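Q: Let me give you the structure first, and then I'll get to my questions.
What follows draws every value from the coordinates through simple rules; no lab data is involved. Keep in mind that this is a model prediction, so the values were computed, not measured. Here Cβ is always computed from backbone atoms with ideal geometry, including for glycine, and neighbour counts include all displayed protein chains.
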Amino acid sequence: MGTVIAVASGKGGTGKSSFCSNIAVALCAAGEKVLLIDTDAGLRSLDLILGMSNKVLFSYADVIEGKCSLKEAAITHDVVKNLYMLTAPATPRVFTKEQCKALVERAKAHFTYTIIDCPAGISDNVMDFCGAADRAIVVSTPDHTSLRCGQKAGILMEQEGQKFVKIAVNRVRSNLIDRGEAVNIDAAMDQAGLGLIGIIPEDKGVIACGNGGKLLAFERKSPAWQAYSNIAARIRGEKVRLLDGVGGRF
Ligand SMILES: Nc1ncnc2c1ncn2[C@@H]1O[C@H](COP(=O)(O)OP(=O)(O)OP(=O)(O)O)[C@@H](O)[C@H]1O
Ligand SMILES: [Mg+2]
C-alpha cells in the first residue's frame, strides 16, 4: 500500500498546485509511481501546470460515481515516467466523507505515492481528503495572513484525525527576511504551530514553467526545483539539510 499526502493551505494562491506538481515529478525521478489528484472541483489547474490538458477525459468525480475506472481516468505524462494525474470535474462538486475516503483507498492500492492537491480554504471536502490521507502538508507563504490561515487549517486537520501535518514555507525571499520585512522561518513555524517539511525560495522559473506547462525539473539551476527535490527526498525518509541562506537561520 502506498502513502497518500494531502496538500492544503487555508489561504488561496500560496503555491499548492505548483508544489504538488513538482513534488510528484521529483518523486517519480526517484523511482516512485505517483498519482496526482486535483480536487479543486470547478477550478482545476494541475493539467495546465503539467501540460496535460489535451489528455483529460474523465475526472475523479467520474471515478467516484462509477462512470469509469481509476485506470481509465488517470492520464499519463508524456515525459515523466510513472506520473499519473486524475483531474477535477469542470464544475463544483461535493462528495461525502466516505466517498472521498474510498477514492483515497483505491489510489493507495495502486500507487506508491498519491498527492492530493486541495482547493484553497477549509471546506468539508478539503478536510475529508486531509483526514483520509496518511499525512498532510500545509503550503504557506511567509506572510502573517497566510500563516494564520495555515494554522487554522492544521488545527482542523488534527480534529479530522490527521496526526502528521507539516508546513512548507513557499516563495521565501531571504533579502526581505534579512531586512526584517518578511517573517523568518522560525517565526513562520511558530505562528503556524507546525513542524517544517521544507522551504521553497521565490523563483520566477516556477511561474514561467507553470504558465507553459513545462517541467521545472529541466531548469537545472532552479533554486525552487532544488527545494522541491529536497522535500521529495524527505518525504521518502531521507535526511536532507535545509537550503543554505534562505530564510534567516537557514
Ligand atoms: N516558489 C515560487 N516562486 C515564484 N512563484 C511561485 C512559487 N510558487 C508558486 N508560485 C506562483 O504563484 C501562483 C500561484 O501558485 P499556485 O497556483 O501553485 O497556487 P495555489 O495555492 O495552488 O492556488 P489556489 O489556491 O488558487 O489553488 C502561480 O503564478 C505560481 O507560478
Ligand atoms: Mg491550486
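Q: Filter the stretch 194-206 down to the residues that are over 14 Å from residue 172 (Cβ atoms) and away from ligand 1 (no atom under 11 Å from the Cβ) and list them by number.
A: 194, 195, listed by residue number.
Conditions tested, residue by residue: (1) within 13 Å of the chain's Cα centre (by Cα); (2) aliphatic (A, V, I, L, M).
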site	(1), (2)
11	no, no
18	yes, no
25	yes, yes
31	no, no
39	yes, no
55	no, no
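Q: Taking only pairs six or more apart or across chains, which ones have beta-carbon atoms under 8 Å, a first residue in the stretch 207-226 that is under 16 Å from residue 172 (Cβ atoms) and part of a loop (DSSP other than H, G, I, E, B), and a second residue that is within 11 Å of ligand 1 (Cβ to nearest atom) and not aromatic (Phe, Trp, Tyr)?
A: 222/203; 222/205; 222/206; 222/216
Q: Something else: Exactly one of these conditions fails for residue 16: (1) buried (at least 20 other Cβ atoms within 10 Å of the Cβ); (2) of a type in the set (Lys, Arg); (3) more than 13 Å from ligand 2 (Cβ to nearest atom). Give me its number.
A: Of everything listed in (1) buried (at least 20 other Cβ atoms within 10 Å of the Cβ); (2) of a type in the set (Lys, Arg); (3) more than 13 Å from ligand 2 (Cβ to nearest atom), residue 16 misses just condition (3).
Q: Please go through the stretch 188-232 and pick out each residue that is over 17 Å from the mean Cα position of the chain (by Cα) and within 16 Å of ligand 2 (Cβ to nearest atom).
A: 211 - this is the single residue of the stretch 188-232 that is over 17 Å from the mean Cα position of the chain (by Cα) and within 16 Å of ligand 2 (Cβ to nearest atom).
Q: Take the residues in the stretch 138-174 that are within 14 Å of ligand 1 (Cβ to nearest atom) and over 15 Å from residue 8 (Cβ atoms); name whichever of them is surrounded by the most Cβ atoms within 10 Å (Cβ to Cβ).
A: Checking each candidate, the answer is 172.
Q: Taking the criterion of being surrounded by 24 or more Cβ atoms within 10 Å (Cβ to Cβ), away from ligand 1 (no atom under 16 Å from the Cβ) and under 16 Å from the mean Cα position of the chain (by Cα), would at least one residue in the stretch 113-124 satisfy it?
A: yes
Q: Look at the stretch 19-48 and say how many of its residues are within 13 Å of ligand 2 (Cβ to nearest atom), surrounded by fewer than 24 Cβ atoms within 10 Å (Cβ to Cβ) and of a type outside the set (Asp, Glu).
A: Within the stretch 19-48, residues that are within 13 Å of ligand 2 (Cβ to nearest atom), surrounded by fewer than 24 Cβ atoms within 10 Å (Cβ to Cβ) and of a type outside the set (Asp, Glu) number 6.
Q: Take the residues in the stretch 125-137 that are away from ligand 1 (no atom under 16 Å from the Cβ) and outside any strand (DSSP E or B); name whichever of them is farthest from residue 27 (Cα to Cα).
A: Among them, the one singled out is 128.
Q: Please give the number of the condition residue 51 fails out of (1) more than 16 Å from ligand 1 (Cβ to nearest atom); (2) surrounded by fewer than 21 Cβ atoms within 10 Å (Cβ to Cβ); (3) not aliphatic (A, V, I, L, M).
A: Of everything listed in (1) more than 16 Å from ligand 1 (Cβ to nearest atom); (2) surrounded by fewer than 21 Cβ atoms within 10 Å (Cβ to Cβ); (3) not aliphatic (A, V, I, L, M), residue 51 misses just condition (1).
Q: Suppose we filter 90, 107, 73 for residues that are closer than 16 Å to residue 38 by Cβ, over 19 Å from the mean Cα position of the chain (by Cα) and surrounded by 15 or more Cβ atoms within 10 Å (Cβ to Cβ); which single one remains?
A: Details: 90 fails: surrounded by 15 or more Cβ atoms within 10 Å (Cβ to Cβ); 107 fails: over 19 Å from the mean Cα position of the chain (by Cα).
Just one listed residue meets the conditions, 73.
Q: While we're on this one: What number goes with the only condition from (1) in contact (Cβ under 8 Å) with a residue 60 or more places away in the chain; (2) part of a helix (DSSP H, G or I); (3) within 17 Å of residue 114 (Cα to Cα) that residue 48 does not pass?
A: Result: residue 48 fails condition (3) only.
Q: Let me ask another. Which condition number does residue 63 fail, the rest of (1) over 19 Å from residue 8 (Cα atoms); (2) of a type in the set (A, V, I, L, M); (3) not in a helix (DSSP H, G or I) being met?
A: Only one criterion is unmet by residue 63, namely (3).
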